[in-house]
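Inspection log for the structure reproduced underneath, given as structure tokens.
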Amino acid sequence: MSEKKIDKYSYELGVIDCFCEMVAAGLKTMALSHPCQSREERDSYTDDVQDICNRYGVRYYSEDDPFLTDLFPEEMCRDTFYFIFYLDDHTLDRYLELKREKTALLEKGEYDVAHRREIAFAYGKMLSYSDEGIERLLGKTAQVKES
């Protein structure tokens, strides 16, 4: 193992660069940065995120209200802040619509097991995950909930 140390900021920018390249190349419809524990931490990346996005022709959205689904463990995502990377407004609009769908289901008391799965699966598809990958993530999240 290398003795070189990579600081967290540089590491996170490397991840962001990679995801932006994947979105620009059409390998991913949408990508997420790693979650930050505060808005200030997330916002500290904004200037560099803007430069990276400009380099790849990718857009970004600063997410202050994490989308909690069964795709990822809730404790990993709750009260976090992150960036969303995408190419066109349709993608961001669909993401925001999916969040509204979940909210509407919750308000009507209809966010049951089937709807939870449907929303999580749609979110996974937006992130360009395979069906098998989504199933694997849903299984891991279920195991976390059971423990």
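The values are calculated or read from the model by the stated rules, or taken from the named source; none is laboratory data. Fair warning: this is a prediction, and the values are worked out from it, not measured in the lab. Glycine also receives a Cβ, built like all others from the backbone with ideal geometry; neighbour counts cover every protein chain displayed. Ligands, DNA and RNA are stripped out before the accessible areas are found, and what is left, the full protein with its side chains, is counted by its heavy atoms. Shrake-Rupley method; radii C 1.70, N 1.55, O 1.52, S 1.80 Å.
Selection over the range 1-46 of residues that are open to solvent by 30 Å² or more (accessible area, probe 1.4 Å), of a type in the set (Asp, Glu) and either touching a residue at least 40 places away in the same chain (Cβ under 8 Å) or within 22 Å of TYR86 (Cβ to Cβ) (or both) gives a count of 4.
Restricting attention to the range 15-23, does a residue exist that is of a type in the set (Asp, Glu) and more than 24 Å from TYR123 (Cα to Cα)? It would help to see each step written out before you state the result.
As a first pass, look at the range 15-23 and keep what is of a type in the set (Asp, Glu): 17, 21.
Okay, now just the ones that are also more than 24 Å from TYR123 (Cα to Cα), so none.
Checked against the condition, which is being of a type in the set (Asp, Glu) and more than 24 Å from TYR123 (Cα to Cα), the range 15-23 yields no hits at all.
Condition check ((1) over 25 Å from ARG55 (Cα atoms); (2) out of contact with any Gly (no Cβ under 7 Å at 6 or more places or on another chain); (3) modelled with pLDDT under 95) across all residues:
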| residue | (1), (2), (3) |
| --- | --- |
| MET76 | yes, yes, yes |
| LEU87 | no, yes, no |
| LEU98 | yes, yes, no |
| LEU106 | yes, yes, no |
| GLY109 | yes, yes, no |
| ALA120 | yes, yes, no |
| SER128 | no, yes, no |
| GLU132 | yes, yes, no |
